[in-house]
Amino acid sequence: MNLKFILPIIVAVIFFGVWGCLAFINTDLNVLPGPIATWKALWADRGALFAALGVDTAAMLLGFFLAVTLGVLTSIALMTYQGLRLAFAPWVTILRMAPIITLAPIAIIAPVSSFVSVLIVTMLACFFPVVYVATPALMATDKPLLDLFTTYRASYWQEITMLRLPHALPQLLTAIKRAAIYAPMAAIVTDYLAGLMMKKPGLGQLLGQYIDAQNYAGVTALCILAALTGVVMAGTVHAISYWTLMHWHDNEHGHA
Amino acid sequence: MTTEPQLRIEGVSKRYANGKAVLENFSLDIQNEEFVAFIGPRGCGKSTILRLIAGLTPITSGQIQHAGGGDINQRTSYIFQESALLPWRNVESNVGLPLRLRGLKAAAISERIRDVLKLWDINHVSNRFPLQLTPGMKVRTSLARGLITQPRTLLLDEPFAALDAIARNKLSADLMKVRQKRHFTACLVTHSAAEAVFLANRVVVLAANPGRIAEIIDVPESYPRKLEWRETDAFQEAVNQVRNALSRVQEDAKKA
Ligand SMILES: Nc1ncnc2c1ncn2[C@@H]1O[C@H](COP(=O)(O)OP(=O)(O)OP(=O)(O)O)[C@@H](O)[C@H]1O
Ligand SMILES: [Mg+2]
């Protein structure tokens, strides 16, 4: 039981130890900052870092929520109309695998504002993974349950909201969790590429500044901050799925 | 019993999309408040008969008349073999589902939910989720949901198939009791000759390919029937009659 806590802590200690050693060996190069240097950089520049995080977070969260909402609505349309499904299925499959870095230039081609760029790319990065999972999940409803709704003359929307959506919820939440991890990555890459015309710098633009200034501790601190944002978002979705699904799954890990 | 039958099945044939004739020229009158049991080899079309009565699948030719006319779905309830409970709703909320689908508010139906929960002796588990129920309680929940709309006809498709012998007998006895309080016509599909004889006025023995009536065995014993009746010679004789009819059907199938 206690191993559940002790072992991960040992792993963390080893990780920080190796990181520290590598940084110590490489001091001359000054490319790999150690954990302490990173913490110092994070603390020293906390004002700029969190301001930058705030700039990206607003656009990113909006893009994420829009992607999930539109993704679910699109999946409902694809589930309903076979023609649409046949037409779009291959594109959804391909685009969900497109690396974010290849989506980001879209934002530079049409530079309205950084906020809009981050919003669009985050949306694209999160939209396809949601549609890819949600469409088959909405179609996989148990036959007897569908028959039940038919015998009680349920309307189309009753069938979707009271049966198909809740039935697909476990898979849907897994897809949303994945999207929550993609969102900060998409935001930072876009901001890095498109952020030049922004008044307030986002994380990506700050990253550019750090690289130019050869502030590698700052770069590391920024990456850790971005990763933590993703973890917090995914963790929030995970908590929501835990509480909503705990009654109807064999165990809380059944849908992880 | 009135002269006009509750259900009149007239010359019904059924072919599924693959063209195979599942039922051929099937006719049967079922009287008001009669209890009819269907028994026959696997795949002979027992579920298909119930699905046709419920309007879950279209009739290829012939017709099925329900006394009183109107909407079939207001007057029949289908009890599925798999119980077909929604895992994200608790017992109470599953039982109230048919009325919610008709647009009634939760507050308006709580009384009716309480009534049917008591009827099936599951009021003590009203807040449990399907995952937390024994197989017997699941069947009771599904039966309570079936009766909440006060149907004229209850269609039961092997409702006790997932239960052990003890739970089966207890539920047969309870179904008998409930029918004394709530008057409805019942069509039961079962693989148990004893269950069919115990519950039904008439046991319809079916033959396969295409599905048709081989023999009809009357069970004249009056209601309510007690569990002790199962120990009598009269009961055993009726059960043997059904079993013999079933073996004749199987022998004929082999010869053909
Ligand atoms: N939707 C369908 N499409 C095509 N064939 C079907 C369909 N549903 C049932 N059948 C076929 O029709 C026949 C009768 O099926 P049905 O389910 O009514 O039999 P049953 O008597 O209820 O069988 P069981 O005892 O196994 O429940 C079977 O041969 C089955 O394969
Ligand atoms: Mg069947």
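The values are calculated or read from the model by the stated rules, or taken from the named source; none is laboratory data. Remember, predicted model here, so these are calculated numbers, not experimental data. Positions of Cβ are backbone-derived with ideal geometry, glycine not excepted, and every protein chain shown enters the neighbour counts. In case anyone asks, the SASA skips ligands and DNA or RNA and just uses the protein heavy atoms, side chains included. Shrake-Rupley method; radii C 1.70, N 1.55, O 1.52, S 1.80 Å.
Data overview
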{"read-out": "Shielding score for B:84-91, defined as the mean number of other chain Cβ atoms within 10 Å", "value": "6"}
{"read-out": "Which of A:Phe65, A:Ala41, A:Ile224, positive extreme of dipole for the protein assembly as shown (C-beta unit charges)", "value": "A:Phe65"}
{"read-out": "Rg(Cα) / (2.2 N^0.38 Å) computed for chain A, rounded to two decimals", "value": "1.21"}
{"read-out": "The stretch B:3-99: radius of gyration over Cα atoms, expressed as a fraction of 2.2 N^0.38 Å", "value": "1.22"}
{"read-out": "Residue among B:Leu154, B:Leu188, B:Leu175 with the largest mean-square fluctuation in a Gaussian network model of chain B, springs linking Cα atoms under 10 Å", "value": "B:Leu175"}
{"read-out": "Chain A: most fluctuating residue of A:Thr151, A:Thr122, A:Thr244 per GNM, C-alpha cutoff 10 Å", "value": "A:Thr151"}
{"read-out": "Length-normalised contact order for chain A - Cα pairs under 8 Å, 6+ apart - percent", "value": "25"}
{"read-out": "Whole-number percent relative contact order across chain B, with pairs defined as alpha carbons under 8 Å at least 6 apart", "value": "25"}
{"read-out": "For B:97-107, mean number of other protein chain Cβ atoms within 10 Å", "value": "3"}
{"read-out": "Gaussian network model of chain A, Cα within-10 Å springs - most flexible of A:Gly204, A:Gly34, A:Gly230", "value": "A:Gly34"}
{"read-out": "Electrostatic dipole magnitude of the stretch A:56-253 [Cβ: Lys, Arg +1; Asp, Glu -1; Cα centre; debye, to 20]", "value": "280"}
{"read-out": "When the convex hull of its Cα atoms is projected in every direction, mean area for the protein assembly as shown (nm²)", "value": "33.3"}
{"read-out": "Compactness relative to 2.2 N^0.38 Å, alpha carbon Rg of the stretch B:59-208", "value": "1.06"}
{"read-out": "Candidate aspartates and glutamates - alpha carbon under 18 Å from A:Lys200, same-chain residues fewer than 8 apart omitted", "value": "A:Asp45, A:Asp56, A:Asp191, A:Asp212"}
{"read-out": "Alpha-carbon gyration tensor eigenvalues x 5, square-rooted, for chain B, Å", "value": "30, 22, 17"}
{"read-out": "Cβ-placed point charges (K, R +1; D, E -1), dipole of chain B about Cα centre in debye, nearest 20", "value": "880"}
{"read-out": "Listed residues B:Tyr16, A:Tyr210 arranged by accessible area, highest first, probe 1.4 Å", "value": "B:Tyr16, A:Tyr210"}
{"read-out": "Above-threshold pairs, the threshold being 26 Å between Cα atoms, out of A:Lys143/B:Lys177; B:Lys118/B:Lys138; A:Lys4/A:Lys177; B:Lys138/B:Lys181; B:Lys105/B:Lys177; B:Lys14/B:Lys181", "value": "A:Lys143/B:Lys177; B:Lys105/B:Lys177; B:Lys14/B:Lys181"}
{"read-out": "Kyte-Doolittle mean at least 1.0, axial Cα span of 24 Å or more - DSSP H helices of chain A", "value": "A:3-25, A:46-80, A:114-139, A:216-245"}
{"read-out": "Cβ charges +1 (Lys, Arg) and -1 (Asp, Glu), total dipole of the protein assembly as shown, debye", "value": "440"}
